[in-house]
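Chemist: Got a structure for you, written out below as structure tokens; questions coming shortly.
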Amino acid sequence: MAEVFFNGGAGRLEGRFHKSENPRAPLVLILHPHPAQGGTMNNRVTYAMFQAFVNMGFSVLRFNFRGVGNSQGEIDGTGVGELADAIIALDWLQNIDSESSVCWIAGYSFGAWIAAQLLMRRPEIKGFVFVSPPADAYSFDFLTPCPASGLIIQGGKDTIVSESSVSMLAEQLSNHRYLRVEYKVIPNADHVYSKHLNEVQEIITKLVPELKGRPRKVVKKNKNALISNEDY
């Protein structure tokens with residue numbers, strides 16, 4: 001994993017990049033939670049997502065939005081600046097790994113909302129992973145129809161993002177006959193997935209390879225998953 005810097009609209013952006021040994025490996029960009037609420041690329045859930053994609057052989061980039069960590073500029077927090085940063089980060093990732101033809105997007109909490117907007121703007125993105133997408137705080141109506149298959153993970157005891165709102169989002173995104181949207185609930189997990197980060201990794205590692213295959217219309221809610229009792 002290498003420390004990287006690239007130029008953004010508000011100054012230099014700081015990231016961490018893992019390059020797969022396979023030059024044609026799929027790419028994924030991972031976006032962190034709200035910067036004004038302490039979200040960084042080193043957030044534990046964001047890092048767990050990063051590691052899951054590394055383990056699957058992806059080339060993976062996570063980075064700090066403007067004003068966070070060693071990224072220059074001031075925190076925006078409205079989503080406009082963060083989306084601009086994400087677009088530039090994706091461009092950087094695709095340029096540095098130009099032999100790859102497959103790209104994914106992933107985000108946690110606020111980062112999932114930014115990831116969803118990027119998904120609608122970049123047709124080369126073939127799949128997504130949203131962890132705790134804040135469907136009761138931000139509108140995801142722009143994702144109708146959803147352009148790609150993907151995975152949504154939610155904590156059953158999340159008091160920040162309601163499970164019911166995320167369940168409705170999953171149903172909304174599944175209304176396409178050629179797409180597959182998997183919805184997984186970790187029953188005892190809160191918003192920060194305390195003692196359930198291994199479970200987040202396991203779900204991503206199991207389902208993303210399946211979603212890369214032939215899509216089919218299905219929404220699955222798993223409330224009986226085995227829960228890890230160990231922190232990541």
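The values are calculated or read from the model by the stated rules, or taken from the named source; none is laboratory data. Owing to the predicted nature of the structure, the values given are computational and were not obtained by experimental measurement. Backbone-built Cβ (ideal geometry, glycine too); neighbour counts: all protein chains shown. Just the protein is used for accessible areas: all its heavy atoms, side chains included, with ligands, DNA and RNA removed. Shrake-Rupley method; radii C 1.70, N 1.55, O 1.52, S 1.80 Å.
Chemist: Could you list which residues have their amide H under 5 Å from that of Gly150, counting only those 5 or more apart in sequence or on another chain, with H placed in the peptide plane?
Modeler: When sequence neighbours closer than 5 places are left aside, the close amide H contacts are Phe128, Arg180, Val181, Glu182.
Chemist: So, one more: Taking the chain as a Gaussian network, where each spring joins two C-alpha atoms under 10 Å apart, which residue of Gly73, Gly127, Gly156 fluctuates the most?
Modeler: Largest GNM mean-square fluctuation: Gly73.
Chemist: Send over a whole-number figure in Å² for the accessible area per residue of the range 30-168, probe 1.4 Å. Write out the running numbers ahead of the final one.
Modeler: On the way: 4870 Å² over 139 residues.
Here the per-residue accessible area is 35 Å².
Chemist: How big is the dipole moment of the chain about its Cα centre under a simple scheme where the beta carbon of each Lys and Arg is +1, that of each Asp and Glu is -1, and everything else is neutral? Debye, nearest 20, please.
Modeler: Details: 23 positive and 23 negative charges, 167 e Å.
The dipole magnitude comes to about 800 debye.
Chemist: With springs only between Cα atoms under 10 Å, which of Ile160, Ile152, Ile87 fluctuates most in a Gaussian network model of the chain?
Modeler: In this elastic network of the chain, the residue with the biggest mean-square fluctuation among Ile160, Ile152, Ile87 is Ile160.
Chemist: If you don't mind, another one. For the chain, what is the mean residue ellipticity at 222 nm derived from helices alone (per DSSP H run of n ≥ 4: -39500 (n - 2.57); sum divided by total residues; nearest 500 deg cm²/dmol)? Show your work: numbers first, answer last.
Modeler: Values: 5 runs with 67 residues, N = 232.
Result for the chain: -9000 deg cm²/dmol, rounded to the nearest 500.
Chemist: For Glu21, Glu163, Glu210, Glu99, what's the largest-to-smallest order of accessible area, 1.4 Å probe? Before the final figure, lay out the partial values.
Modeler: Values: Glu21 185, Glu163 35, Glu210 75, Glu99 105 Å².
The ranking, largest first, comes out as Glu21, Glu99, Glu210, Glu163.
Chemist: How much of the accessible area of the chain, in percent, comes from carbon and sulfur atoms when a 1.4 Å probe is used?
Modeler: Working: 4740 of 9960 Å².
Looking at the chain in its full context, I get 48 percent from C and S.
Chemist: Can you spot the aspartates and glutamates whose alpha carbon is less than 13 Å from Lys19's alpha carbon? Ignore those fewer than 8 places along the same chain.
Modeler: Glu3, Asp97, Glu99
Chemist: Between beta-carbons, use under 12 Å as the cut-off and find the net charge around Gly73, counting Lys and Arg +1, Asp and Glu -1.
Modeler: -3
Chemist: Could you pull the accessible area for Glu74 with a 1.4 Å probe, rounded to 10 Å²?
Modeler: 150
Chemist: Set the Förster radius R0 to 30 Å, insert the Cβ-Cβ distance between Arg24 and Arg121 as r into 1/(1 + (r/R0)^6), and round the FRET efficiency to 0.05.
Modeler: Details: r = 24 Å, r/R0 = 0.80.
Efficiency computed from Cβ-Cβ geometry: 0.80.
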